[in-house]
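Visitor: One structure follows; several queries about it will come next.
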Amino acid sequence: MQHVDTLLHARWIIPIEPANALYENYTLVMDAGKILDCLPTAEAKTRYQSDDVLNMTTHALLAGFVNAHTHAAMSLMRGIADDLPLMDWLENHIWPLEQKWMNEEFVRDGTDLAIAEMLRGGTTCFNDMYFFPDVAAEQTIKRGMRGVFGGIIIDFPSVWAKDSNDYIQKALILTESLEAHSLTSTTLAPHAPYTVSDEPLKHVLAHSQALNLPVHIHVHETVYEVESAFTQHGERPLARLDNLGLVNDGLIAVHVTQINDDEIALLAQKGASIVHCPESNLKLASGFCPVAKCLDAGINVALGTDGSASNNDLDMLGEMRTAALIGKAVAGDASAIPAMTALRMATINGAKALGLEKQIGSLEVGKFADVIAIDLSALETQPLYCPISQIVYAANRNQVTDLWVAGQHLLKSRELTTFDMTELQHNIEKWQLRLAEKMDE
C-alpha cells in the first residue's frame, strides 16, 4: 500500500470539474500539498494508508472558494457609515478614515481579521486590492492562505505612494518580490477609470503584457460613474478602456452593474472576466449585473464579496446564494443561475479570472489540495436530497468544519491553526477604539 500525507473519506465529493459531478462515499487523497487521487472509499482503503485519516461521514468535500475581489484590510471598518450611497460613503467617511489611520499596522491587523474570517467561511484564495499590498501578502503567507495581490494604482497621493508612477513602480517591485512564493501572485490594480488617467493606464497595459499580469479594476459600478465618464470623456468607461487596449483576456472587471448588450458582446469577444459582487452592489444600491446574459454570452463570471466595509462580511456561501437568487430575478427566469453555476462562479470561475485555473478551483488530480469540508448533518440542511443545492441555498459558513490550503490543515474542527485568537481579538479591539474616536470628532 502507498503511504500518503492525508486521506479524507467523505460522504460526498463535489469535484467542480467535471460540472455537475457528485461522488458518494469517495476518498480524496492528498500528498505533498496536491491532490493525488479521488476514488471510491472501498478502493482507497486497499490502495493507500496514512497517519492522517479523517472519516467525514456527514460531510461534502469541495474545492475551496475563490473570493475574486476584496479589500481585506477594510475589515477593520466593518459597520462604519452604513446605509449610504457609494460616493458619499467613500468621500465623506471611508477616505477620511484612511487618510487618518492608513499605515502598515492597519493593513497587517485588518488583513489578519479578513483572513481569519475567510478561512472560517471556506475561502482558500482571495484577490485583494488595497494599500500596502506587500504587508497583506506577508500576513497571507504567514497564515498559510493563498492570495493574489493588486498593486493598487491611482492618480492622487497616499501614504503608500506619491503619484501614479510611484504606484506602478511599487506594483512591479511587489510582483518581483512574490515570485518565489507558491501561495501568492499579483495583478496590476488601477482602482477605477474615474481615479486613473490615460497615461498611467497605458503604462499598466504595457507592464501587464510584458509580465503576463491580469488587470484588476472597478468598472461600471454605478450610474453616476458611467454618466460622469461620458460627460468628461465623451464615452463610457468600458469604451475608454477598450480604446486604450485594456479590454482583453487579462481584464478582471469588477461590479459591472451598468452594462448594455454591446458591452456584453465586447467583453465576451475579448475574453475578459467579470467579478460579480451582489451583496455589496445591493447594500450600496449600485445596481444589478445581468449575470445570466453575461454567462450566456460566454463571459467568465466569478464571485467576490468586496470589502467588509460595504458588505458587511466575507461570506462566499452567502454571496453564492444571493447571486443565484438575484440572477433569477434579473433574468426573469427561475432556471437562470442554477446551484451548480453559482458554485462554479465561487470556485473554478474565480480561479480562471485570476489565471490560476490549472492550479486551483476544482478537485482534480495534480492540482493543489485547496479543499473544504462542509458538514451537512445540521438541522438547517435537513432533509437532504441534493448536496449541491443544499450547499448553495441552505448551508451557512458555520458548517465549514475543516479547510486545507496546499494540503496544510488551516481550519481543524472549526479551530484556526495558524492564529493566536487572543492576539487577534486584542488587535481588533485596539482599532475599534481608534476608529471610533475619529468618527466622534
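Visitor: Cα axis of helix 316-331 to longest principal axis of the chain: angle in degrees, 0 to 90, nearest 10?
Guide: 70
Visitor: Compute the Cα gyration tensor for region 1-110, then decide on rounded, prolate or oblate, letting a ≥ b ≥ c be the square roots of its eigenvalues: rounded whenever a/c is under 1.5, prolate when a/b is larger than b/c in the other cases, and oblate in all that remain.
Guide: Numbers: a/c = 4.32, a/b = 2.71, b/c = 1.60.
Verdict is prolate for region 1-110.
Visitor: In whole Hz, what ³J(HN,Hα) sequence does region 200-217 give by Karplus (6.51, -1.76, 1.60; θ = phi - 60°), x for Gly and Pro?
Guide: x, 5, 5, 5, 4, 4, 4, 5, 4, 6, 5, 9, 6, 10, x, 10, 10, 8
Visitor: Over 27 Å apart: what share of the alpha carbon pairs of region 283-424 falls there, rounded to a whole percent? Don't skip to the end; give the middle numbers.
Guide: Numbers: 2614 of 10011 pairs.
The answer is 26 percent, as a whole percent.
Visitor: Okay, moving on. How big is the convex hull of the Cα atoms of the chain, per residue, in Å³?
Guide: 135
Visitor: Could you give the angle, 0 to 90 degrees to the nearest 10, between helix 164-177's Cα long axis and the longest principal axis of the Cα atoms of the chain?
Guide: 20
Visitor: A follow-up question, please. Which whole-number percent is the relative contact order of region 336-433 (Cα, under 8 Å, 6+ apart)? Write down the numbers at each step before the final one.
Guide: Values: 99 pairs, mean separation 20.5, N = 98.
For region 336-433, the relative contact order is 21 percent.
Visitor: Sticking with this structure for a sec: I'd like to check one number: the per residue accessible area of the chain, probe 1.4 Å, reported in Å² as a whole number.
Guide: Per-residue accessible area for the chain comes out at 39 Å².
Visitor: Springs between alpha-carbon pairs under 10 angstrom, Gaussian network model over the chain: which of LEU113, LEU384, LEU356 fluctuates most?
Guide: Greatest mean-square fluctuation among the candidates belongs to LEU384.
Visitor: Which residues' amide hydrogens lie under 5 Å from the amide hydrogen of TYR194, considering only partners 5 or more residues apart or on another chain, with H built in the peptide plane?
Guide: Long-range HN contacts for TYR194: none found.
Visitor: I'd like the Karplus ³J(HN,Hα) series for region 32-42: coefficients 6.51, -1.76, 1.60, θ = phi - 60°, whole numbers in Hz, and an x wherever there's a Gly or Pro.
Guide: Each residue's phi maps through the Karplus curve to give 6, x, 10, 7, 8, 6, 8, 7, x, 4, 4 Hz.
Visitor: Moving on. If I stretch the segment between ASN55 and VAL159 completely, what's the gain in nm (0.36 nm per residue apart, minus their alpha carbon distance), one decimal?
Guide: Length gained, ASN55 through VAL159: 32.5 nm.
Visitor: Just grab the label-to-label distance for ASP420 and ILE173, each label 7 Å out from Cα along the Cβ direction, in nm (one decimal).
Guide: 2.9
Visitor: What fraction of the DSSP beta bridges in region 1-142 is antiparallel, stated in percent and rounded to the nearest 5?
Guide: 50
Visitor: Have a look at TYR194, TYR26, TYR48 and tell me which one the Gaussian network model of the chain (Cα, springs below 10 Å) gives the largest fluctuation.
Guide: Fluctuation is largest for TYR48.
Visitor: Further, regarding this structure: Using square roots of five times the C-alpha gyration tensor eigenvalues, list the equivalent-ellipsoid semi-axes of region 354-433 in whole Å, biggest first.
Guide: Working through the eigenvalues yields semi-axes of 27, 22, 12 Å.
Visitor: Then there's this: If you bin every alpha carbon distance in region 370-410 into 10 Å steps from zero, what whole percent lands in each bin?
Guide: Distribution as computed: 30, 46, 22, 1 percent.
Visitor: What is the gain in length, in nm to one decimal, between GLU17 and LEU384 on full extension, counting 0.36 nm per residue of separation less the C-alpha to C-alpha distance?
Guide: Taking GLU17 through LEU384 to full extension adds about 129.9 nm, to one decimal.
Visitor: Another question, then. If you take the alpha carbon radius of gyration of region 253-313 and divide it by 2.2 N^0.38 Å, what ratio comes out, to two decimals?
Guide: 1.10
Visitor: Hey, another quick one. So how far, in whole Å, is the C-alpha centre of region 377-441 from the one of region 219-297?
Guide: Each part reduced to its Cα centre gives a spacing of 31 Å.
Visitor: Which ³J(HN,Hα) values, rounded to whole Hz and listed in residue order, are derived for region 49-58 from phi using the Karplus coefficients 6.51, -1.76 and 1.60 in 6.51 cos²θ - 1.76 cosθ + 1.60 with θ = phi - 60°, glycine and proline given as x?
Guide: 9, 7, 7, 10, 10, 10, 9, 9, 6, 10
Visitor: If eta is 1.567 mPa s and T is 4 °C, what Stokes-Einstein diffusion coefficient results for region 216-371, Kirkwood Rh from Cα pairs, in µm²/s?
Guide: Result for D is 82 µm²/s.
Visitor: Of the heavy-atom accessible surface of the chain (probe 1.4 angstrom), what whole percent is carbon and sulfur?
Guide: Result for the chain: 49 percent of the exposed heavy-atom area is carbon or sulfur.
Visitor: With a/c under 1.5 counting as rounded, go ahead and sort region 240-282 into rounded, prolate or oblate using the C-alpha gyration tensor (a ≥ b ≥ c being the square roots of the eigenvalues; past the cut-off, prolate if a/b is larger than b/c, else oblate).
Guide: prolate
Visitor: For LYS100, go through the lysines and keep the ones whose alpha-carbon is under 28 Å away, minus same-chain ones fewer than eight residues off.
Guide: LYS142, LYS162, LYS170, LYS283, LYS430, LYS438
Visitor: Between ALA334, ALA229, ALA395, find the one with the highest GNM mean-square fluctuation for the chain; connect C-alpha pairs within less than 10 Å.
Guide: ALA334
The values are calculated or read from the model by the stated rules, or taken from the named source; none is laboratory data. Not measured: the values here are computed from a predicted model. Backbone-built Cβ (ideal geometry, glycine too); neighbour counts: all protein chains shown. The protein model used for the area step is the full one, side chains on, heavy atoms only, and it has no ligands, DNA or RNA in it. Shrake-Rupley method; radii C 1.70, N 1.55, O 1.52, S 1.80 Å.
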